[in-house]
Amino acid sequence: MNPIETLFPTQAYPSQPIEKKEVPGGLTARESSSYSGGVSTFLPSAPAIDRPLLSRRSLLVVGCALFILSFLTANDAKAKANGGRFVNLQFQQIGAGYAGMGGGHVALPMGASGGYWNPALLSRIPAFEFHMEGSYGTGPKVTTTDGQNELDFQEKSDFGLVGFFLPGSRGFDYAVLEATRYDHDIQGFLFDTPAFGDISNDANRQGGRKIADYDDRVSIHSVGFLTSYETTENSALGLGLWLDRKKVFKSIDYLNGTPPTDIQVDSSFIDLEGATSDVGVRISFGFYWRASAKLRLGAALNTSTNLESTLETDVFFSNTFTRELAEIQDETPLTIQIGFVYEQAFRFRYAVDLLYERWSVYDHLDNVVQIHAGAEYDWSEKLALRGGLFTVFDPINFEDDAEYAEYLRSVEVSGALDKRDELFLTLGAGYRHREYLQLEASVYDSHIFASDSGQTGIRLGFRLIAVPPGN
């Protein structure tokens with residue numbers, strides 16, 4: 001028996017003979033923990049199974065259902081949701097292996113973390129797996145209006161991802177993941193509405209007031225319950241139920257002085273702090289198809305997340321304070337991602353994805369399309385080297401930085417001081433330290449194209465893969 005088959009035996013279904021299920025690199029999914037990570041034993045590609053992918057009727061039903069669902073979700077958010085709570089640059093690149101290869105890819109199996117991008121990829125995992133990783137990131141310092149407004153995105157460390165994969169039967173597989181989906185901590189100061197005129201005028205600035213202490217923290221932690229189903233030896237569908245928990249804290253502290261702003265004249269406050277938290281539900285759908293011995297295709301849809309909550313705001317006066325309650329509704333955007341993986345050579349593969357983000361249902365935001373592209377080379381049976389790039393286009397569409405600053409003075413929204421489109425370059429590696437342990441590392445950076453206002457991210461992780469007794 002092939003030693004890899006001994007390590008990870010193939011899975012038989014009641015009415016089918018045992019078949020090898022290929023993944024890129026000529027491997028079978030039940031023979032390797034992943035074709036990525038430099039852990040592959042290089043076997044010749046098996047011929048395609050002569051079996052229909054899905055019936056045309058099934059494809060039509062699935063496609064129409066996803067199309068209708070996406071627009072029903074978007075239209076429900078249009079009248080009342082606020083998408084300005086989130087800064088696009090601060091959504092996380094889940095998966096240390098993916099982050100080193102240009103971000104998430106929906107046709108690229110890389111263990112349990114792949115379920116975050118496309119739940120159908122779970123069908124490519126061969127055995128029980130525990131996955132854990134941490135992340136570290138720096139943020140830009142944004143300054144506008146000759147230094148009168150300044151916001152600094154603080155360095156942050158997160159647990160990143162923890163989860164496990166459980167092989168099922170009759171074509172079903174399962175996973176549970178918890179990940180930090182979003183995280184920002186913004187501190188700095190803003191020049192408040194001046195006594196009169198344009199704040200670019202020195203005399204006007206002297207007559208106005210300044211928000212001396214601006215603190216804005218927002219995070220989303222996601223827990224997902226995922227399943228995949230192998231429709232054929234060459235294809236799979238996936239479904240995920242996600243619980244997104246939003247936590248918000250924002251503080252605006254005004255510097256004492258004269259004259260006060262119009263707002264302060266009306267309410268006499270000098271400081272306010274707002275906090276809220278909420279749990280929302282979103283659904284992810286995925287599709288995976290081995291189109292040929294060298295080409296894999298994938299697609300995924302994530303619905304928007306309704307994060308309606310009560311914002312508790314403490315408004316501080318000179319000698320007392322009052323608490324105000326306001327219902328706010330934040331939502332993350334609906335996303336659709338498509339991609340492919342191609343085997344260029346025996347040990348070399350590359351992946352390209354397009355990610356559509358539907359932000360236009362919210363005020364001051366436009367739809368954007370992000371690009372994820374990367375390559376992986378198996379240096380040896382233990383080591384894989386990766387590189388790539390990804391874009392982060394900003395959906396916000398204010399006219400100028402003064403309008404941005406005015407927007408941020410509300411305790412009910414978050415954001416940056418200007419429009420920030422960035423290009424990140426990525427590097428990464430995967431190393432099989434033992435037959436049951438795989439290590440992942442990645443770094444991504446935008447300083448080359450954004451100079452002193454760029455960002456750097458690092459993700460480190462490991463995967464523990466079950467090995468049957470006696471192996």
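The values are calculated or read from the model by the stated rules, or taken from the named source; none is laboratory data. Here the structure is a predicted model, which means the values were calculated and not measured. Heads up, the Cβs are rebuilt from the backbone with ideal geometry, glycines too, and the neighbour counts pull from every protein chain shown.
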Q: Filter region 151-184 down to the residues that are among the charged types (D, E, K, R) and touching a residue at least 40 places away in the same chain (Cβ under 8 Å), then identify the one that is nearest to Val218 (Cα to Cα).
A: Asp183
Q) Within region 164-192, how many residues turn out to be small (Gly, Ala, Ser) and closer than 30 Å to Asn88 by Cβ? A) 3
Q: Restricting attention to region 121-167, report how many residues are assigned to a loop (DSSP other than H, G, I, E, B) and small (Gly, Ala, Ser).
A: 3
Q.
Can you tell me which residue is nearest to Val223 (Cα to Cα) among those in region 89-120 that are of a type in the set (A, V, I, L, M, F, W, C) and in a helix (DSSP H, G or I)?
A. Trp117
**Q.** Any chance Ala375 is surrounded by fewer than 22 Cβ atoms within 10 Å (Cβ to Cβ), touching a residue at least 40 places away in the same chain (Cβ under 8 Å) and in a strand (DSSP E or B)
**A.** yes
Q.
Can you tell me how many residues within region 378-396 are assigned to a loop (DSSP other than H, G, I, E, B) and under 24 Å from Ser446 (Cβ atoms)?
A. 3
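Condition check ((1) part of a helix (DSSP H, G or I); (2) charged (D, E, K, R); (3) within 18 Å of the chain's Cα centre (by Cα)) across all residues:
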| site | (1), (2), (3) |
| --- | --- |
| Tyr404 | yes, no, no |
| Tyr407 | yes, no, no |
| Val411 | no, no, no |
| Gly428 | no, no, yes |
(Q) Looking at (1) modelled with pLDDT under 85; (2) closer than 21 Å to Val87 by Cα, which one does Glu155 not meet, given that it meets all the others? (A) (1)
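Taking the stated definitions as given, is Glu399 within 30 Å of Ser251 (Cβ to Cβ) and assigned to a strand (DSSP E or B)?
Judged against the criteria, Glu399 is not a match.
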(Q) Given the options Ala345, Ala293, Ala300, name the one that is without any contact (Cβ under 8 Å) to a residue 12 or more places away in the chain and either over 28 Å from Val176 (Cα atoms) or under 15 Å from the mean Cα position of the chain (by Cα) (or both). (A) Ala345
Q: Within region 233-276, count every residue that is polar (S, T, N, Q) and at pLDDT 90 or above.
A: 2
